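Only one structure is covered here, and it is reproduced in the block below.
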Amino acid sequence: MYIRRYLIVSYIVSIVFSISLLYYDEYISLFIWDKEEELLLLDIPRIELRRKVYNIGSKNNNVDYNVLLLDSSNIENNLYFIASHSGSSRASYFDNLVYLEIGDLIGLKNNDSIMVFVVKDMYYIDKNGYFDVSYNINGGELFLITCSLNYINRQLIVRTELIYKC
């Protein structure tokens, strides 16, 4: 009788522990991350991705734990450069970025407004730590950057254009 209870309790504890490992990032966000540091919510419906984007100076704006808003972004002009890993790590949020197509919609939401971007171009660049790009001086663009899973020495760039803001 006691052995059966022990086995049942052990089984339940192991299931709870396993589930907590799967959702580790969400648990961390509940206890550690400061809500005031949240800047945007990135929403890519095509690949079912919703991630918080944090202020550039935040400890949570880190590609090893989350998506990363690059320093070259200009928030006042709605010019965003967002990077994330692809691969097998827990922080590989852009694994499915390659499945986006020209014309797909991407949303960015902050406290004041909702912005909708449309995918205009997708291309690969050499993976050398630099990203040379020409963009509209008035802003209104979003660039998503990740390592290519197909080409070891290349990065995938998804270029989008702001089409709606309210």
Name the pairs: first residue in region 37-50 and more than 22 Å from D112 (Cβ to Cβ), second residue open to solvent by less than 40 Å² (accessible area, probe 1.4 Å) and part of a strand (DSSP E or B), Cβ to Cβ under 9 Å, at least 6 apart or on different chains?
R46/I106; R46/V119; L49/L42
What are the pairs with Cβ atoms under 9 angstrom where one residue, in region 147-164, is in a loop (DSSP other than H, G, I, E, B) and the other, located anywhere, is open to solvent by 70 Å² or more (accessible area, probe 1.4 Å) and of a type in the set (V, I, T)? Sequence gap at least six, or different chains.
none
Could you check, for region 147-164, whether at least one of its residues is surrounded by fewer than 17 Cβ atoms within 10 Å (Cβ to Cβ) and at positive phi?
no
Of all residues being part of a helix (DSSP H, G or I) and in contact (Cβ under 8 Å) with a residue 60 or more places away in the chain in region 77-133, which is least open to solvent (accessible area, probe 1.4 Å)? Just the residue, please.
L97
From the set of residues in region 36-76 that are among the aliphatic types (A, V, I, L, M) and not in a strand (DSSP E or B), which is least open to solvent (accessible area, probe 1.4 Å)?
V67
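The values are calculated or read from the model by the stated rules, or taken from the named source; none is laboratory data. Everything quoted here is computed from the prediction, not taken from an experiment. Glycine gets a Cβ as well: all are built from the backbone with ideal geometry, and neighbour counts include every protein chain shown. To get the accessible areas, we keep the full protein, side chains included, count just its heavy atoms, and leave off ligands, DNA and RNA. Shrake-Rupley method; radii C 1.70, N 1.55, O 1.52, S 1.80 Å.
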